[in-house]
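See below for the structure under consideration.
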Amino acid sequence: MNYATLGDPSLPALLLVPTQSESWWGYERAMPLLAEHFQVFAVDLRGQGRSTWTPGRYTVDVMGGDLVRFIDLAIDRPVIVSGMSSGGVLAAWLSAYGKPGQIRAAVYEEWGDATRTLASAKAVARMCGTTNPPRGISSERRPAGCGGGTPSSVTRPPTTA
(Lines give C-alpha, C1' and ligand atoms only; values in the text may rest on other atoms or scores of the structure.)
Protein backbone atom coordinates (compact mmCIF):
# COMPACT_ATOMS: atom_id res chain seq x y z
CA MET A 1 0.00 0.00 0.00
CA ASN A 2 1.47 3.32 -1.07
CA TYR A 3 1.38 6.11 1.50
CA ALA A 4 2.89 9.42 2.53
CA THR A 5 3.79 10.49 6.04
CA LEU A 6 4.67 13.79 7.63
CA GLY A 7 5.20 14.92 11.20
CA ASP A 8 7.03 14.01 14.38
CA PRO A 9 6.65 10.36 15.48
CA SER A 10 6.23 11.54 19.08
CA LEU A 11 2.91 13.20 18.16
CA PRO A 12 -0.41 11.31 18.02
CA ALA A 13 -0.85 9.26 14.84
CA LEU A 14 -3.50 10.38 12.35
CA LEU A 15 -4.50 8.17 9.40
CA LEU A 16 -6.17 9.92 6.44
CA VAL A 17 -8.30 7.72 4.17
CA PRO A 18 -9.31 9.28 0.82
CA THR A 19 -12.55 8.87 -1.07
CA GLN A 20 -12.99 6.53 -4.03
CA SER A 21 -10.78 7.27 -7.03
CA GLU A 22 -8.64 9.70 -4.98
CA SER A 23 -5.08 9.18 -3.82
CA TRP A 24 -3.16 10.52 -0.84
CA TRP A 25 -2.39 13.56 -3.01
CA GLY A 26 -5.87 14.86 -2.16
CA TYR A 27 -4.47 15.56 1.33
CA GLU A 28 -1.24 17.18 0.11
CA ARG A 29 -2.18 20.72 1.16
CA ALA A 30 -3.72 19.64 4.49
CA MET A 31 -0.83 17.47 5.62
CA PRO A 32 1.58 20.28 6.64
CA LEU A 33 -1.19 21.88 8.75
CA LEU A 34 -2.06 18.58 10.38
CA ALA A 35 1.62 17.69 10.92
CA GLU A 36 1.89 20.54 13.43
CA HIS A 37 -0.26 18.43 15.77
CA PHE A 38 0.00 14.82 14.50
CA GLN A 39 2.22 12.36 12.74
CA VAL A 40 0.11 12.11 9.59
CA PHE A 41 -0.24 9.06 7.37
CA ALA A 42 -2.21 9.37 4.10
CA VAL A 43 -2.79 6.24 2.05
CA ASP A 44 -3.54 5.17 -1.51
CA LEU A 45 -6.14 2.45 -1.10
CA ARG A 46 -5.99 -0.78 -3.09
CA GLY A 47 -6.13 0.02 -6.82
CA GLN A 48 -5.84 3.80 -6.29
CA GLY A 49 -2.91 6.17 -6.77
CA ARG A 50 0.33 4.22 -6.71
CA SER A 51 -1.02 1.23 -4.80
CA THR A 52 -1.23 -2.05 -6.66
CA TRP A 53 -4.33 -2.96 -8.64
CA THR A 54 -5.30 -6.45 -7.54
CA PRO A 55 -7.83 -8.80 -9.14
CA GLY A 56 -10.99 -9.64 -7.26
CA ARG A 57 -13.65 -7.75 -5.38
CA TYR A 58 -13.02 -4.41 -3.72
CA THR A 59 -15.31 -4.66 -0.72
CA VAL A 60 -15.37 -2.62 2.48
CA ASP A 61 -14.20 -5.73 4.36
CA VAL A 62 -11.24 -6.26 2.01
CA MET A 63 -10.13 -2.62 2.08
CA GLY A 64 -10.78 -2.39 5.83
CA GLY A 65 -8.56 -5.44 6.31
CA ASP A 66 -5.85 -3.72 4.25
CA LEU A 67 -6.02 -0.75 6.64
CA VAL A 68 -5.89 -2.96 9.75
CA ARG A 69 -2.65 -4.49 8.41
CA PHE A 70 -1.31 -1.05 7.43
CA ILE A 71 -1.88 0.26 10.95
CA ASP A 72 -0.10 -2.80 12.41
CA LEU A 73 2.87 -2.71 10.03
CA ALA A 74 3.44 0.97 9.18
CA ILE A 75 2.03 2.92 12.14
CA ASP A 76 2.43 0.32 14.91
CA ARG A 77 0.44 2.24 17.56
CA PRO A 78 -3.11 3.45 18.22
CA VAL A 79 -4.36 5.90 15.62
CA ILE A 80 -7.02 8.52 15.04
CA VAL A 81 -8.53 7.79 11.63
CA SER A 82 -10.19 10.39 9.40
CA GLY A 83 -11.97 9.33 6.24
CA MET A 84 -13.33 11.50 3.45
CA SER A 85 -16.67 10.43 1.93
CA SER A 86 -16.29 6.71 1.12
CA GLY A 87 -13.07 6.85 3.16
CA GLY A 88 -15.37 7.79 6.05
CA VAL A 89 -17.16 4.48 5.56
CA LEU A 90 -13.79 2.76 5.98
CA ALA A 91 -13.08 4.88 9.08
CA ALA A 92 -16.42 3.73 10.52
CA TRP A 93 -15.55 0.11 9.60
CA LEU A 94 -12.24 0.47 11.46
CA SER A 95 -14.10 1.90 14.46
CA ALA A 96 -16.25 -1.22 14.63
CA TYR A 97 -13.94 -3.96 13.40
CA GLY A 98 -10.36 -2.78 13.94
CA LYS A 99 -8.21 -4.71 16.40
CA PRO A 100 -8.75 -3.89 20.09
CA GLY A 101 -6.82 -0.74 21.00
CA GLN A 102 -5.98 0.06 17.37
CA ILE A 103 -8.40 2.96 16.78
CA ARG A 104 -8.40 5.82 19.30
CA ALA A 105 -11.10 7.82 17.53
CA ALA A 106 -12.60 8.39 14.09
CA VAL A 107 -13.67 11.41 12.06
CA TYR A 108 -16.13 10.91 9.20
CA GLU A 109 -15.92 13.75 6.70
CA GLU A 110 -17.63 14.98 3.60
CA TRP A 111 -15.92 17.21 1.04
CA GLY A 112 -14.41 20.19 2.78
CA ASP A 113 -11.21 22.04 3.27
CA ALA A 114 -8.05 21.52 5.31
CA THR A 115 -9.26 23.90 8.03
CA ARG A 116 -12.27 21.68 8.79
CA THR A 117 -10.09 18.56 8.70
CA LEU A 118 -7.66 20.13 11.17
CA ALA A 119 -10.44 21.39 13.46
CA SER A 120 -12.15 17.98 13.47
CA ALA A 121 -8.95 16.07 14.16
CA LYS A 122 -7.88 18.48 16.92
CA ALA A 123 -11.30 18.24 18.59
CA VAL A 124 -11.14 14.44 18.58
CA ALA A 125 -7.60 14.53 19.95
CA ARG A 126 -8.75 16.78 22.81
CA MET A 127 -11.70 14.53 23.63
CA CYS A 128 -9.45 11.47 23.60
CA GLY A 129 -6.98 13.01 25.99
CA THR A 130 -4.10 13.66 23.60
CA THR A 131 -4.37 17.35 24.49
CA ASN A 132 -6.48 19.14 27.07
CA PRO A 133 -10.13 18.16 26.60
CA PRO A 134 -12.61 20.92 25.76
CA ARG A 135 -14.75 22.32 28.56
CA GLY A 136 -17.39 19.91 29.75
CA ILE A 137 -15.54 16.80 28.48
CA SER A 138 -13.78 14.95 31.26
CA SER A 139 -11.78 11.78 30.84
CA GLU A 140 -14.82 9.92 32.22
CA ARG A 141 -17.00 11.29 29.37
CA ARG A 142 -14.77 10.53 26.42
CA PRO A 143 -16.46 9.26 23.27
CA ALA A 144 -16.69 5.47 23.20
CA GLY A 145 -14.16 5.16 20.36
CA CYS A 146 -11.39 6.98 22.20
CA GLY A 147 -10.25 3.94 24.13
CA GLY A 148 -10.02 1.88 20.98
CA GLY A 149 -11.13 -1.68 20.63
CA THR A 150 -14.28 -3.29 19.42
CA PRO A 151 -17.32 -2.68 21.62
CA SER A 152 -18.67 -5.96 22.98
CA SER A 153 -22.10 -5.16 21.55
CA VAL A 154 -20.81 -5.00 17.97
CA THR A 155 -20.87 -8.19 15.96
CA ARG A 156 -19.38 -8.61 12.54
CA PRO A 157 -21.97 -9.20 9.81
CA PRO A 158 -21.56 -12.38 7.78
CA THR A 159 -19.73 -11.96 4.49
CA THR A 160 -21.39 -13.05 1.30
CA ALA A 161 -19.78 -14.46 -1.78
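The values are calculated or read from the model by the stated rules, or taken from the named source; none is laboratory data. In this text, all values refer to a predicted model and were calculated from it rather than measured experimentally. As a convention, Cβ positions derive from the backbone with ideal geometry for all residues, glycine included, and neighbour counts pool all protein chains shown.
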Next item on the list: Being modelled with pLDDT of 85 or more, of a type outside the set (Gly, Ala, Ser) and surrounded by fewer than 18 Cβ atoms within 10 Å (Cβ to Cβ) is the filter here, so list the residues in the range 7-27 that pass it.
Entry: Asp8, Pro9, Leu11
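Looking at this structure, is Ala74 under 16 Å from Leu14 (Cα atoms) and crowded, with 17+ Cβ neighbours inside 10 Å?
On the way: under 16 Å from Leu14 (Cα atoms): yes; crowded, with 17+ Cβ neighbours inside 10 Å: no.
Taking the combined requirement at face value, the residue does not satisfy it.
When you check Pro100 against the structure, is it free of Cβ contacts under 8 Å to residues at least 24 places away in the same chain, over 13 Å from the mean Cα position of the chain (by Cα) and not in a helix (DSSP H, G or I), yes or no?
So Pro100 fails the test.
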Check: Of the conditions (1) at pLDDT 90 or above; (2) within 18 Å of Glu110 (Cα to Cα), Glu36 fails just one. Which one is it?
Finding: (2)
